[in-house]
Amino acid sequence: MTTVFPGTSMPDRDWWSVLWPDPAAVLSAIGIRPDMTVLDLCCGDGLFTAPLARLVGGRVHALDINPAMLDAARAEVARHGADVAGWIEADAADVARHLPGKVDLVLMANTFHGVPDQPNLLAAIRRVLAPGGLFSVVNWHARPREETPVLGQLRGPRTEMRMSPDMLRAVVEPAGFESLRLVELPPYHYGATFEETP
């Protein structure tokens, strides 16, 4: 059975690019290095997939459940003159069945807050990480939606869905991870990176 996470529809590119004028800088800030192999989990329309592919020299797999989003991501990657190692159309929780090998880092941008069964997804992520692998989340801060306008309109997930860094840690760490890095991503986001524990 496939699962579409609630409240995680892809926004229009015009306001998304206002929030993320330099996606490559976001990737570097959260600790993604050129020597890594990465999974872009729930990649959406490729806003981060394209610069990620350039950063790691194509050693990225991109997964989304929505074929239209994958088509958009392919086009975005091609527009940047980049390549990816593989495109996966699947439920995120089934990623271990589709990924051909382990990765150094799993990136999940603007989606984790909408996952209905977060412990199950975290278990799936652990199955695809190399030993000592990393899980990076880009999240909206837990501010009221009324306080996060973009281009004059209220944006982002519903207020009650948002997760503070402490809320995120409370879910991720018991699943076998430890906090490694927390960075601010103004104006409304943060990036949190966790390391898999033995």
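The values are calculated or read from the model by the stated rules, or taken from the named source; none is laboratory data. Small disclaimer: the values here were computed from a predicted structure and weren't measured. So basically every Cβ, Gly included, is an ideal-geometry build from the backbone, and we count neighbours across all protein chains shown. Just so you know, the surface numbers come from the protein's heavy atoms only, side chains and all, with ligands and any DNA or RNA stripped out. Shrake-Rupley method; radii C 1.70, N 1.55, O 1.52, S 1.80 Å.
Suppose the filter is free of Cβ contacts under 8 Å to residues at least 60 places away in the same chain and over 15 Å from the mean Cα position of the chain (by Cα); does Arg143 pass it? In short, yes. Here Val138 qualifies as surrounded by 16 or more Cβ atoms within 10 Å (Cβ to Cβ), in contact with a Gly (Cβ under 7 Å, 6 or more places away or on another chain) and either assigned to a helix (DSSP H, G or I) or not small (Gly, Ala, Ser) (or both). Select from the stretch 27-52 the residues that are more than 20 Å from Leu182 (Cβ to Cβ) and assigned to a loop (DSSP other than H, G, I, E, B) and list them in ascending order. Within the stretch 27-52, Pro34, Asp35, Thr37, Cys42, Cys43, Gly44, Asp45, Gly46, Leu47 meet the criteria. Among the residues of the stretch 89-135, those identified as open to solvent by 10 Å² or more (accessible area, probe 1.4 Å) and assigned to a helix (DSSP H, G or I) are Ala93, Asp94, Ala96, Arg97, His98, His113, Gln118, Pro119, Asn120, Ala123, Arg126, Arg127.
Listed by first and then second residue, the pairs linking a residue in the stretch 42-69 that is over 17 Å from Ala96 (Cα atoms) to a residue that is small (Gly, Ala, Ser) and assigned to a strand (DSSP E or B), with Cβ atoms under 9 Å apart and 6 or more places separating them unless they lie on different chains, are Gly44/Ala109; Gly46/Ala62; Leu47/Ala109; Phe48/Ala109; Thr49/Ala62; Leu52/Ala62; Ala53/Ala62.
Residue check: is Ala82 in a helix (DSSP H, G or I), open to solvent by less than 20 Å² (accessible area, probe 1.4 Å) and under 17 Å from Gly44 (Cβ atoms)? In short, no. Return the residues of the stretch 141-175 that are in a loop (DSSP other than H, G, I, E, B) and surrounded by fewer than 17 Cβ atoms within 10 Å (Cβ to Cβ); say none if nothing qualifies. Across the stretch 141-175, the qualifying residues are Arg143, Pro144, Leu151, Gly152, Arg158, Ser164.
Among the residues of the stretch 143-151, none qualifies, meaning not one is under 15 Å from His113 (Cβ atoms) and among the hydrophobic types (A, V, I, L, M, F, W, C). The residue that is nearest to Asp40 (Cα to Cα), counting only those in the stretch 55-73 that are open to solvent by 30 Å² or more (accessible area, probe 1.4 Å) and not in a helix (DSSP H, G or I), is Arg59.
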